[in-house]
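Right, one structure below, let's go through it.
Bear in mind that the values in this text are calculations on the coordinates, not laboratory data. Since the structure is predicted, the reported quantities are computational estimates derived from the model, not experimental observations. As a convention, Cβ positions derive from the backbone with ideal geometry for all residues, glycine included, and neighbour counts pool all protein chains shown.
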Amino acid sequence: MGSSCGCCVTLVLVFCLWGVLISLSSAARLSASRQKLEVAKHLNRLNKPPVKTIQSPDGDTIDCVPISKQPAFDHPFLKDHKIQTRPSFHPEGLFEENKLSEKPDAKTHTPITQLWHANGRCPEDTIPVRRAKEEDVLRASSVKRYGRKKHRAIPKPRSAEPDLINQSGHQHAIAYVEGDKYYGAKATLNVWEPRIQQPNEFSLSQLWILGGSFGQDLNSIEAGWQVSPDLYGDNNTRLFTYWTSDAYQATGCYNLLCSGFIQVNSEIAMGATISPVSAYRNSQFDISILIWKDPKEGHWWMQFGNDYVLGYWPSFLFSYLADSASMIEWGGEVVNSEPDGQHTSTQMGSGHFPEEGFGKASYFRNIQVVDSSNNLKAPKGIGTFTEQSNCYDVQTGSNGDWGHYFYYGGPGKNPNCQ
C-alpha cells in the first residue's frame, strides 16, 4: 500500500513539474513573440518607405526617404512644422549658397566620403537614412533604450574626486570652456578606428554643446565620430549626432533614431561609415564639424565639412539651449566596463598617448566657439579634464596654422593603468 502511495505522489510531482515547465516555456514563447512584435512595430516606425534604396559595401542599407516623411515628423510638435531648407545666418556672416565651398581645406588629402557613396546617391528632396535592423534593436537592453546613451555619460570637469572617477563606467579626455554664453562650436577632428575590447563598450570623439546643470535637466547637443559595436553591429568608424534635454533619461537619441533632428541634406547619412580613416605613421584624415544657433529662427544647425549643411535641432526640443549654451567640450569618451575586474583595453582616439604627436596620436584642431554676435572666435580659458591620465590623457597647444588644438587619447589598460 505504502509503495503504491509513494508512486502516486511521485507521479503527481512529475505531472506538476511537467505542467510548470510547459507553462514556463509557453510564457517564454509568448514573451519572445511579444518582444518580436514590439521590435517589428518599432522598426516600422523608424524605417520610413524609401523612394530608392542603396546597398553599402559595409552591409548597411541606405534608404532615400522623402524629406517630409523623415522620423523627425513623428514628433507631435512638428506636425505642422515648415522645413527650413537652409539657415538664415551662418557664423561667418550671412549665409550664401557659395559660402561653404569657396574655401577648400588644404590639410585634407582626399575628401572624406561615406562608404555607401560607392553604390549610388539619393535624389534631391530625399534624405539618406541608415536602415535599422531587427538585430540592432535586439542588442539594446530594451526597445525603449535602443539608440540611447546610458545615464551619467557626461564629463563633468569639476567632479574628479576619487569616488566619482568610474561611477558611470565612462572615461573622458577633453578640453572645455565655461563661464560665458556660447552659441555654437567648431572643430576639425582627426578620424581613427580605435579597437574596442567588449561589444558593450564604445569609443567616440565629439563636441558637446551643453546647457543647464549636470543634474536631471542637462541639455546636450553632440556630434562626432564613434565606434560602437552595440549600436551598429560592427567596428566601423561612423559619423553620429546625439541630443537630450533631460540628462539622457527620457529624451533624445543617436542620429535619426527618434524624432528630433530635422535633416535637409541628401548626401550624408547619420550613422554611416566614414572612409578613409587615419593610420599610425601614415596618411592622416580629419573631418570638420560646426554646430551653431541661427540667430533668426533659434534652431541649432549642424555642418559637416565645408560643403554639407546637414540639418537642425528645433529650439523647442530644449529648455536651457533654447537660449544659449553655458559650456562647450571637445574630446574623447570610452566605456570602461572593467572586464575581468581590470581596466578595459578599449582605445581612445588612435590608442596612443598625446605626447606621441602628429601621425601617431589623435587630435582636435582649430577649435572655436560661436559668440553672441554669431562670430567664430578662439576659445578663452581652455581647461582640460581626464579621470585617469595614465589610461587616457589630453594635451593642449596653439599655433598659427592649427589655432587652438589638442592631442588626446590612449590605450586604456597598460602597466600604469590596471
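Qualifying chymotrypsin sites (Phe, Trp or Tyr not before Pro) in the range 186-292, where qualification requires a DSSP coil assignment and no more than 13 other C-beta atoms within 10 Å, comprise TYR280. Distance between Cα centroids, the range 208-271 to the range 391-413: provide it in whole Å. Taking the Cα centre of each part, the range 208-271 and the range 391-413 sit 23 Å apart. Here the simple spin-label model places points 7 Å from the Cα toward Cβ, and for ASP371 and LYS181 these points are separated by 1.4 nm.
Charge tally around SER275: other residues with Cβ under 14 Å, Lys/Arg +1 each, Asp/Glu -1 each, net -4.
Between LYS36 and ASP234, what's the calculated FRET efficiency when r is the beta-carbon distance and R0 is 30 Å? Round to 0.05. That gives a FRET efficiency of 0.80. Our estimate of slack between ASP80 and GLU134, defined as 0.36 nm per intervening residue step minus the Cα-Cα distance, is 16.4 nm. Amide hydrogen proximity for THR113: with H placed 1.01 Å from N in the peptide plane, the residues at 5 or more positions away or on another chain lying under 5 Å are SER275.
Converting phi to 3J(HN,Hα) with the Karplus coefficients 6.51, -1.76 and 1.60 and the offset θ = phi - 60°, the range 249-264 yields 7, 10, 9, x, 5, 6, 6, 10, 7, 7, 7, x, 5, 9, 8, 10 Hz in sequence order, with x at every glycine or proline. Among the chymotrypsin sites (Phe, Trp or Tyr not before Pro) within the range 344-386, those in coil by DSSP and having at most 16 neighbouring Cβ atoms inside 10 Å are PHE358. Can you give the local net charge around GLU134? Use residues other than it whose beta-carbon is closer than 14 angstrom to its beta-carbon, Lys and Arg +1, Asp and Glu -1. Net of charged neighbours comes to +3.
Please give me, ordered by residue number, the trypsin sites (Lys or Arg not before Pro) of the range 360-418 that lie in loop per DSSP and have at most 12 other Cβ atoms within 10 Å.
Filter output for the range 360-418: LYS380.
For LEU376, what is the net charge nearby, where nearby means another residue's Cβ is under 11 Å from its Cβ and Lys, Arg count +1, Asp, Glu -1? My count for the surroundings of LEU376 gives 0.
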